[in-house]
Amino acid sequence: MFIPPHPGEILKTEFLEPLEMSQNRLAMDIHVPAHRIMEIVHGKRRISADTALRLAKYFRTTPEFWLKLQMDYDLALARAALSEDLERQITTCAPPGRLCYEG
């Protein structure tokens, strides 16, 4: 099962490294504690809405870009961890080919 890179890896390889920018410099420029950026880059912290807004403003991206990276990563991890349990524990509310909710 494919697990996309953590958003911190994207931040590091696609933004910081090409700009030859340190994590500390980014933290100072977007007014967050340096440990927040360090933890994100090392995959120890999630991209919050606050951080997404700051990164988007700084790098001329969108907050949705950063939050989608985080969501895709989180969903892939959850899918990998839960897929067997979900198949075993939960049945659908309608037969195949039908929707449970038609609103």
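Full-extension gain between GLU84 and TYR101, please, as 0.36 nm times their residue separation minus the C-alpha to C-alpha distance.
3.7 nm
Could you give each residue of region 79-95 its phi-based ³J(HN,Hα) in whole Hz, using Karplus coefficients 6.51, -1.76, 1.60 with θ = phi - 60°, and x for Gly or Pro?
Result, rounded to whole Hz: 4, 5, 6, 10, 4, 5, 4, 5, 4, 7, 9, 10, 9, 6, 8, 9, x.
Taking square-rooted eigenvalues a ≥ b ≥ c of the alpha carbon gyration tensor, is region 7-76 rounded, prolate or oblate, where a/c under 1.5 means rounded and, failing that, a/b exceeding b/c means prolate?
Taking the square roots of the gyration eigenvalues as a ≥ b ≥ c, region 7-76 is rounded.
All of the numbers you see were taken from the coordinates with simple rules; none came from a lab. This one's a predicted model, so the numbers in the text were calculated from it and none came from an experiment.
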